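First the structure, in the form of structure tokens, and then the observations on it.
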Amino acid sequence: MSKDTRSDANARSRRQVLKAAGLTGVLAAVGGRPAWPQSAHAEAKPENLPPHVADWSKYLGQGVADQPYGKPSKFEAHVVRRDVEWLTAARQSSVNFTPWHELDGIITPNGLCFERHHGGAADVNPSDHRLMLHGLVEKPLVFSMSDILRMPRVNRVYFLECAANSGMEWRGPQLNGCQFTHGMVHNVMYTGVPLKVVLNEAGLKPNAKWLLVEGGDASGMNRSLPIEKALDDCLLAFKMNGEALRPEQGYPLRLVVPGWEGNIWIKWIRRIEVGDKPWLAREETSKYTDLLADGRARRFTFVMDAKSVVTNPSPQAPLRFRGQNVLTGIAWSGRGAITRVDVTLDGGRNWREARIDGPVFERSVTRFYVDFDWQGEELLVQSRCHDSTGYLQPTKSELRAIRGVNSIYHNNGIQTWLVRANGETENVEIS
Ligand code: MTE
Ligand code: CO
């Protein structure tokens, strides 16, 4: 996100700091009751319950021609992307967030993938779309979508995380819900052409070291991409989860840069220039750099480090029942695969290994569970993940010791949720 300083100040002025009664070491909590309905828990109508015959068993349902493109049940209407109105000055250069607390497994449904754009979502006619490739190449080329669709393609599942995900939480707990604290990540199966196939077709000159990748939207978003990464695992993707990219995700063509910050995943990609050094574009100098405590800024923090969050329980998904409960969450790492996730229910005194279920891919979201019994005691819930490089997700204090609190981007610290005796859950930190 770009309007960071302003949104930070706004967020702080809106923060309600509550005292977490009865728990020592809790720094601050953000107030507010969860305002999101969850249909599965609504009051049942007795006339639909056994021994009665339910309404939907008495009449014919809708026919096959009624909904050529299907949509979720009307009882799931609360499962939507949400935005935070005061976060940005305009809705076209803004962000909305993935409702992770309503999802399961590892794939984000297309209509729920968070959106981040700087000039609105472009509405591109694929027959008019072109990708230009020029600069330090033997043969400059312009590709149509028909050209791209005739090249060898691959399928890969990757997470995309905006560098600003959890960026509002650097100075303390701020937003009450994992949708808002961790919702700038989605996980999709992409179908696309390896970028190296396209680059090889043009022929790279020996001094080709960097690419400038540029979007065709009104923001003309551009970033410098090192040639090693471009030739390694980047894709020019045209499908997400089997169907065409959604307009807001870059239809008809987007760059996929596995494990790297979302900003460089250029949408509506229209131009690749090959050069011998980085361009130092706006989005890699004034934005998407990490301001350290001593005032220096770290440049090109491309990789997203390992991170995890418990999505249930969380402020939008409180605990409702005593006894048997399912805790679940997601973990991901830009450096490889998630190898293990630990969960604590008592603020870090005791950790247990979570059960990972579903496919585990490199640079993809991984799903974990802890099946547990709850008798109404207060909980301080955290998760921490390990990745295949041996890296362990840091605490927020460990991060701040190195990075200070001037940062906006790359906050992968451990998240804490306080579950109260009535099940309501809040965003807190443990000092
Ligand atoms: N590409 C273009 N052309 N324009 C943009 O505004 N935003 C970037 C990146 N690519 C952007 C873009 C940012 S900051 C992020 S986090 C991701 O796209 C968001 O991708 P998504 O909208 O699919 O979630
Ligand atoms: Co971003």
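Each reported figure results from applying straightforward, stated rules to the coordinates on display, with no laboratory input. Just so it is clear, the structure is predicted and the values come from calculations on it, not from any experiment. Every residue, glycine as well, gets a Cβ built from its backbone with ideal geometry; the counts of neighbours run over all protein chains shown.
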Based on the Cα gyration tensor of the chain, what are the three equivalent ellipsoid semi-axes, each the root of five times an eigenvalue, rounded to whole Å and given largest first? 38, 28, 19
For LYS205, go through the aspartates and glutamates and keep the ones whose alpha-carbon is under 16 Å away, minus same-chain ones fewer than eight residues off. GLU138, GLU228, GLU273, ASP276
Scattering profile of the range 251-375 from the Debye formula, Cα beads only, expressed as log10 I(q)/I(0) at q = 0.12 Å⁻¹, is -0.68
Hey, what do the phi angles of the range 325-339 turn into as Karplus ³J(HN,Hα) couplings, whole Hz, using 6.51/-1.76/1.60 and θ = phi - 60°, x for Gly and Pro? 9, 10, 9, 9, x, 10, 9, 7, 8, x, 9, x, 9, 7, 9
Add -39500 (n - 2.57) for each DSSP H run of 4 or more in the chain, then divide by its residues: what number comes out at 222 nm, to the nearest 500 deg cm²/dmol? -2500 deg cm²/dmol
What are the ³J(HN,Hα) couplings of the range 377-382, residue after residue, when phi is run through the Karplus curve with 6.51, -1.76, 1.60 and θ = phi - 60°? Round to Hz, x for glycine and proline. 7, 5, 10, 10, 9, 9
Once you place label points 7 Å from the Cα toward the Cβ at ASP66 and ARG335, how far apart are they in nm? 5.3 nm
The range 268-397: relative contact order as a whole-number percent, Cα under 8 Å and 6+ apart: 25 percent
Could you line up SER57, SER388 from fewest to most neighbouring Cβ atoms inside 10 Å? SER57, SER388
The chain: relative contact order from alpha carbon pairs under 8 Å, six or more residues apart, as a whole percent, is 17 percent
Of LYS139/LYS277; LYS209/LYS287; LYS74/LYS239; LYS209/LYS239; LYS209/LYS229; LYS196/LYS287, pairs whose Cα-Cα distance is over 18 Å: LYS139/LYS277; LYS209/LYS287; LYS74/LYS239; LYS209/LYS239; LYS196/LYS287
Considering all alpha-carbon pairs of the range 200-271, what whole percent are spaced by more than 17 angstrom? 43 percent
How large is ³J(HN,Hα), in whole Hz, for each residue of the range 236-250 in order, when computed from phi with the Karplus curve 6.51 cos²θ - 1.76 cosθ + 1.60 and θ = phi - 60°, using x for Gly and Pro? 9, 9, 10, 10, 10, 6, x, 10, 3, 3, 6, x, 5, 9, x
Taking LYS209, LYS277 and counting other C-beta atoms within 10 Å, the order from fewest to most: LYS277, LYS209
